[in-house]
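**Student:** Shown below is the structure under consideration.
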Amino acid sequence: MNQPHDLVLRNAELVVTMDEQRREIAGGWVAIDNGFVTAVGPPGSEPDAVRVVAVNGCLITPGLINTHHHIYQNLTRAFAPAMSGNLFHWLRTLYPVWSRLDEEAAYVSAWIGLCELALGGCTTTTDHLYVHPSGSGDLISAEIAAATELGFRFHPTRGSMSLSEKDGGLPPDSVVQTDDEILEDSERLVRTHHDPEPGAMVRIALAPCSPFSVTPELMTRTAELAERLDVRLHTHIAEDKAEDTFCQETFGCRPLEHFEEVGWGSNRSWVAHCVFPSAPEIERLAAWGTGVAHCPSSNQLIGAGLAPVRELRDAGVHVGIGCDGSASTDHASLWLETRGALLLARLRGGPEAMLSREALEMATLGGAGCLGRTDIGALAPGMAADLVVWPMEGVAFAGALTDPVEALLRCGPVAARHTIVHGRFIVEDGVLTAPGVEQMLARHRGIALDWAQAADAL
Ligand SMILES: [Zn+2]
């Protein structure tokens, strides 16, 4: 007799596998063992399991993958003094506030931020932590501790800034480090935490913040280090028109030309935003194999422009979805961002520009492509067991009978019924499984209050 599986989810309204054939199985089931999907199938063939969970009326999708975030910024959400400026004004207002970041703040903000992501159907997230004030401690290890405690699949990126105001950059001296300090710490973090194996729960990438906050030498040396350590590269690019002017004046070229010159045009890289690439630059991104993290709410709130997602996808660029930092987006629901991607694509290109399945594909397989992973983003034997059970019921979904995948993003709002990472429930029946959420929220509030008071923003 066959061993029973660890867990079987059955009776789904639809299982959206995102596998190679893009199978969608009405009434289907998913079997999980040791953190991996071992089988999926149609009704009537459900195998035995130690635990069986019926998910009648629900849609099962692969877990959503967040390709760009600055989790610590949830300590400065909707920060009143920065609400009406452009991107550079917003950054200049917040850099001094963020200079208070320490290990406690990194840990608590990550803990709360990852909970928020899990409730919104996200199972893997990256985090771009680029503020490392002197004496602040080991911030990345602090947030990895939170992810490990919660059981979240985590790709923190070792962000950095080395070009301060006195050198013609944007950030103040208090939050920048030297190139040598940054590279040494990057290597230490990779050696301590990075797991290259399939099913890895933690991978590190290297991530100088942006062309206007690091030296070209740091970009070049970071690319060389990533090659040597075989890890990925991440940065912001072409987020705002002002960046074109800055790059032209400082480096004598466009942002993506600079990106190529410093050795980043490669399939090791994925970039955040990419709102202003030219048509030839889109072709080059595709030829390099460089991924793009599209951040729909951030694009809208910053108000500088919308990324040319249709053109990027048509050129063959891996496009993932990102919620971006809480201080620009102020929420971290990947469901909402995926819906946002659908709406913006149609706003830019008309009703034929995108359907829900493609938006969902960006949020799953597109994200996996950005992170260089082939073991997440789809539900098929051998893939990591990261999945979301979405309730498609009640008032919000009344009448949505003919296409549950379109309904998922057109109806709503919806949060995850169950969020499962590596076979473990992080959200169960809509509730976080981790103990101590209230206590952690109180710690978070205490830090956010301190920061706001210190900035005289209350
Ligand atoms: Zn960002």
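The values are calculated or read from the model by the stated rules, or taken from the named source; none is laboratory data. What you see is a predicted model; the values in this text were computed from it and never measured. Cβ placement follows ideal geometry from the backbone for every residue including glycine, while neighbour counts extend to all protein chains displayed.
**Student:** Collect the residues in the range 82-132 that are closer than 19 Å to residue 159 by Cβ, assigned to a loop (DSSP other than H, G, I, E, B) and touching a residue at least 40 places away in the same chain (Cβ under 8 Å), keeping them in residue-number order.
**Tutor:** The answer is 99, 100, 130, 131, 132.
**Student:** Turning to a different aspect of this structure: In the range 392-417, which residues are surrounded by fewer than 17 Cβ atoms within 10 Å (Cβ to Cβ) and outside any loop (DSSP other than H, G, I, E, B)?
**Tutor:** The answer is 395, 396, 406, 410.
**Student:** Just to check your reading of the model, which residue among 347, 379, 312 is in contact (Cβ under 8 Å) with a residue 40 or more places away in the chain and in contact with a strand residue (DSSP E or B) (Cβ under 8 Å, 6 or more places away or on another chain)?
**Tutor:** Unique residue meeting the criteria: 379.
**Student:** Only residues that are without any contact (Cβ under 8 Å) to a residue 60 or more places away in the chain, within 13 Å of the ligand (Cβ to nearest atom), at negative phi and not in a helix (DSSP H, G or I): list them for the range 266-302, please.
**Tutor:** 271, 275
**Student:** For the range 327-356, give me each residue that is part of a helix (DSSP H, G or I) and within 18 Å of residue 415 (Cα to Cα). Can you show your working first?
**Tutor:** Keep residues of the range 327-356 that are part of a helix (DSSP H, G or I), which gives 327-329, 334-349, 356.
Those that are part of a helix (DSSP H, G or I) and within 18 Å of residue 415 (Cα to Cα): 329, 334, 335, 336, 337, 338, 339, 340, 341, 342, 356.
**Student:** Right, here's the next one. If you take the residues of the range 116-151 that are surrounded by fewer than 23 Cβ atoms within 10 Å (Cβ to Cβ) and of a type in the set (D, E, K, R), which of them is nearest to residue 100 (Cα to Cα)?
**Tutor:** So, considering only residues that are surrounded by fewer than 23 Cβ atoms within 10 Å (Cβ to Cβ) and of a type in the set (D, E, K, R), the one nearest to residue 100 (Cα to Cα) is 138.
**Student:** Of the conditions (1) within 16 Å of the ligand (Cβ to nearest atom); (2) out of contact with any Phe, Trp or Tyr (no Cβ under 7 Å at 6 or more places or on another chain); (3) outside any strand (DSSP E or B); (4) of a type outside the set (Ser, Thr, Tyr), residue 305 clears all except one; give me its number.
**Tutor:** So the condition that residue 305 fails would be (2).
**Student:** Here's a follow-up. Within the range 253-265, can you find the residues that are within 16 Å of the ligand (Cβ to nearest atom) and of a type outside the set (Phe, Trp, Tyr)? Break it down into steps so the answer makes sense when it comes.
**Tutor:** We begin by selecting, within the range 253-265, every residue within 16 Å of the ligand (Cβ to nearest atom); these are 255, 259.
Selection gives 255 alone.
**Student:** Further question: How about the range 308-333: which of its residues are away from the ligand (no atom under 15 Å from the Cβ), within 17 Å of residue 270 (Cβ to Cβ) and either in contact with a Leu (Cβ under 8 Å, 6 or more places away or on another chain) or modelled with pLDDT under 95 (or both)?
**Tutor:** 309, 312, 315, 317, 319
**Student:** Something else: If you take the residues of the range 55-71 that are assigned to a loop (DSSP other than H, G, I, E, B) and not polar (S, T, N, Q), which of them is nearest to residue 98 (Cα to Cα)?
**Tutor:** Result: 70.
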